[in-house]
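What follows is a short report on a single structure.
Each reported figure results from applying straightforward, stated rules to the coordinates on display, with no laboratory input. These numbers were taken from a predicted model, which means no experiment stands behind them. Every residue, glycine among them, receives a Cβ derived from its backbone with ideal geometry; neighbour counts consider all protein chains shown.
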Amino acid sequence: MDEKTLIAKRVALELRAGNLVNLGIGLPTLVAAHLPAGVNVFFQSENGIVGMAPVPEPGAENEDLSDAGGSPIGAVPGAAAFDSAMSFGLIRGGHLDVTVLGGLQVDEEGRLANWMVPGKMVPGMGGAMDLVSGAKRVIVAMQHSAKGEPKIVKRCVLPLTSVRRVDLIVTDLAVIEPTDKGLVLVEIAPGVSVADVLAQTGAELIVPSDVPTMPVGL
Amino acid sequence: MSKVRKLEEAVAMIPDGAVLMIGGFMGVGTPPRLIDELLRQGKRDLTVIANDTARPTVGIGRLIAAKAVRKVIASHIGTNSETQRQLIAGETEVELVPQGTLAERVRAGGFGLGGVLTPTGVGTVVEEGKQRIELDGVVYLLEKALKADFALVAAKRADYLGNLEYALTARNFNPLMAMAAAMVIVEAEDIVPVGVIPPDSVVTPNVLVDCLVAKEHRHG
């Protein structure tokens, strides 16, 4: 299993039947394909739908139905469409159970930076700031490091997405939970040691005496 | 009285330098013929308020590529390398606004409110220059309402009075913008007789719409 699939499978274990879930662009979208059996959730796309699904078959694309990246999607029976104010009312108003977002950096206080690299990349925050501020649960799904540089750092150098502490970080090496006391190493990936994780982490990690392996089938 | 106008006449009302709200999300729900006509008439120095600038060859992105826009207020420009280039080169002013905040600022503009209090952006660069207000122990930013001279709206169906229905995710910012501009120009895929759209299905009531343009039929 490749790293991204591993991350997606592990994140999927966090979702509960009936949850309203928003998946960010990129790696987080893979989560939809790995829902555990019996766990049916509703996916929101912030451009205005609850109940998004893959396009049912090639040729069935609808020019009025797309995801937040502009790609064609489908809709499950029971889906609902609405305007952008309603969509963000769902997000900010405490109606969204889980958001899964990619990350550029997360720091020791569990704060996420994921929307710009000054001087290099200025895509804009899109819906990310509202999602992190408003979702009941924020899960960051990302590679543990980028080009050898740790993405989990003492203090974010990149502009923050929100000062809200995220709830869980899932990487190709570990599952880490930001808490009042700091970042707790909750699980390690199959075939990875605690020492491997520590070596690729730029922040202090609290390591319990027993760190289980991620419960994902290989 | 029918509000249907010729495309050329509708767009000719828009002067250079106008502030436009344009519906759409990555081009979905952006009125294509109105964009074409803005380009054909060579409008300049526009301020565009929109969710995003799509791609350089799509929707609002085409206005950017043609350098018709002086200022953009949007939540996302990441899919349009040209908007980013013009921003970095200082050719176009870009104000980035969190998407939910943008929706609420437009809504506030149309609903007669001075602004909204939102927790989004507190403690980030978005807070710079804004008033921070604490209410019942929660910190909010005061985000001011947005209004425009014109809203360019895409609808699925309109009747001749201007009652509007939208389709799926092509709705997005359109009904909000139809409330927040002095003049509302709608491009509808179908224009139907009055009474065909039942009152419960009308999302934008006709009193908000000034002018209707039919969408060209697509072939193939």
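Averaged over peptide B:113-124, how many Cβ atoms belonging to another chain are found within 10 Å of each residue's Cβ?
Across B:113-124, the average partner-chain Cβ count within 10 Å equals 5.
What trypsin sites (Lys or Arg not before Pro) in segment B:150-220 are in a loop by DSSP, with at most 10 other Cβ atoms within 10 Å of the Cβ?
Within segment B:150-220, the qualifying trypsin sites (Lys or Arg not before Pro) (loop, at most 10 other Cβ atoms within 10 Å) are B:R218.
Of all GluC sites (Glu not before Pro) in segment B:127-185, which ones are in loop regions per DSSP and have a Cβ with at most 12 other Cβ atoms within 10 Å? Could you put the intermediate results ahead of the total?
Details: sites: B:E127, B:E128, B:E134, B:E143, B:E165; in loops: B:E128.
Listed in order of number, the matching sites are B:E128.
Can you sort B:E82, A:E177, A:E204 so the residue with the fewest Cβ neighbours within 10 Å comes first?
Fewest to most other Cβ atoms nearby, the residues stand as A:E204, A:E177, B:E82.
Rounded to the nearest 500, what is the protein assembly as shown's calculated 222 nm mean residue ellipticity when only DSSP H runs of at least 4 contribute -39500 (n - 2.57) each, over all residues?
Calculated from helices alone, the mean residue ellipticity at 222 nm is -5000 deg cm²/dmol.
Evaluate peptide A:109-117: per residue, the Cβ atoms of other protein chains within 10 Å of its Cβ; return the mean as an integer.
1
Is there a quick way to get the dipole size of chain A? I mean about its Cα centre, with the Cβ of Lys and Arg at +1 and of Asp and Glu at -1; what is the value in debye to the nearest 20?
Once rounded to the nearest 20, the dipole reads 460 debye.
What does the structure give for A:76-85 when I average, per residue, the other chain Cβ atoms found within 10 Å of the residue Cβ?
Taking the mean over all residues of the peptide, I get 6.
Could you tell me which of A:A68, A:M214, B:A181 has its Cα farthest along the dipole of the protein assembly as shown towards the positive end, charges placed at Cβ (Lys, Arg +1; Asp, Glu -1), taken about the Cα centre?
B:A181
Compare the Cα positions of A:I152, A:G93, A:A203 along the charge dipole of chain A (+1 at Cβ of Lys, Arg; -1 at Cβ of Asp, Glu; about the Cα centre) and return the one farthest towards the positive end.
The listed residue farthest towards the positive side: A:A203.
Residue by residue, what Karplus-based ³J(HN,Hα) values in Hz, rounded to whole numbers, does segment A:134-146 have, using 6.51, -1.76 and 1.60 with θ = phi - 60° and x for Gly and Pro?
Using θ = phi - 60°, the values come out as x, 5, 5, 9, 10, 10, 9, 10, 7, 5, 5, 9, 10 Hz.
Under a Cβ-only charge scheme (Lys and Arg +1, Asp and Glu -1), can you give me the dipole magnitude of segment B:65-155 about the Cα centre, in debye to the nearest 20?
260
Scan around A:A174 for amide H atoms under 5 Å from its own, H built in the peptide plane at 1.01 Å from N, and keep only partners 5 or more places away or cross-chain.
A:A189
Among rounded, prolate and oblate, which fits segment B:65-188 when a ≥ b ≥ c are the square roots of the eigenvalues of its C-alpha gyration tensor, a/c under 1.5 means rounded, and a/b larger than b/c means prolate?
oblate
Just to confirm a number: summing +1 for Lys and Arg and -1 for Asp and Glu over residues other than A:V186 whose beta-carbon lies under 14 angstrom from that of A:V186, what do you get?
-3
When the Karplus curve 6.51 cos²θ - 1.76 cosθ + 1.60 is applied with θ = phi - 60°, which whole-Hz ³J(HN,Hα) does each residue of segment A:82-92 get, with x for Gly and Pro?
Each residue's phi maps through the Karplus curve to give 7, 7, 5, 5, 4, 4, 7, x, 4, 6, 7 Hz.
For chain A, modelled as a Gaussian network with Cα springs under 10 Å, which listed residue fluctuates most, A:D167, A:D107, A:D180?
A:D180
Taking the beta-carbon count within 10 Å as an exposure proxy, list A:H95, A:H144, B:H76, A:H34 from fewest neighbours to most.
Result, fewest neighbours first: A:H95, A:H34, A:H144, B:H76.
Report the one residue of B:A158, B:L87, B:V139 whose Cα lies farthest in the direction of the positive end of the charge dipole of segment B:7-214 (charges on C-beta: Lys and Arg +1, Asp and Glu -1; origin at the Cα centre).
Ranked along the dipole, the leading option is B:L87.
How much net charge surrounds A:D97 when only other residues with a Cβ under 12 Å from its Cβ are counted (Lys, Arg +1; Asp, Glu -1)?
Working: positive: A:R16, A:K136, A:R137; negative: A:E14, A:D167.
Summing Lys/Arg as +1 and Asp/Glu as -1 gives +1.
Please label the shape of the protein assembly as shown as rounded, prolate or oblate, based on the square roots a ≥ b ≥ c of the eigenvalues of the alpha-carbon gyration tensor (a/c under 1.5 means rounded; beyond that, a/b larger than b/c means prolate, else oblate). Don't skip to the end; give the middle numbers.
Details: a/c = 2.11, a/b = 1.74, b/c = 1.21.
Because a/c hits 1.5 or more and a/b exceeds b/c, the protein assembly as shown counts as prolate.
By count of other Cβ within 10 Å, fewest leading, how are B:K43, A:K154, A:K147 ordered?
The most exposed by this proxy come first: A:K147, A:K154, B:K43.
Can you tell me the order of B:87-98, A:127-138 when each peptide is scored by its average per-residue count of other Cβ atoms within 10 angstrom, highest first?
Final packing ranking: A:127-138, B:87-98.
Apply the a/c threshold of 1.5 to the C-alpha gyration tensor of segment A:62-218 and tell me whether it is rounded, prolate or oblate. All intermediate terms of the calculation are to be shown ahead of the outcome.
Working: a/c = 1.93, a/b = 1.63, b/c = 1.18.
Prolate is the answer for segment A:62-218, as a/c is 1.5 or above and a/b outweighs b/c.
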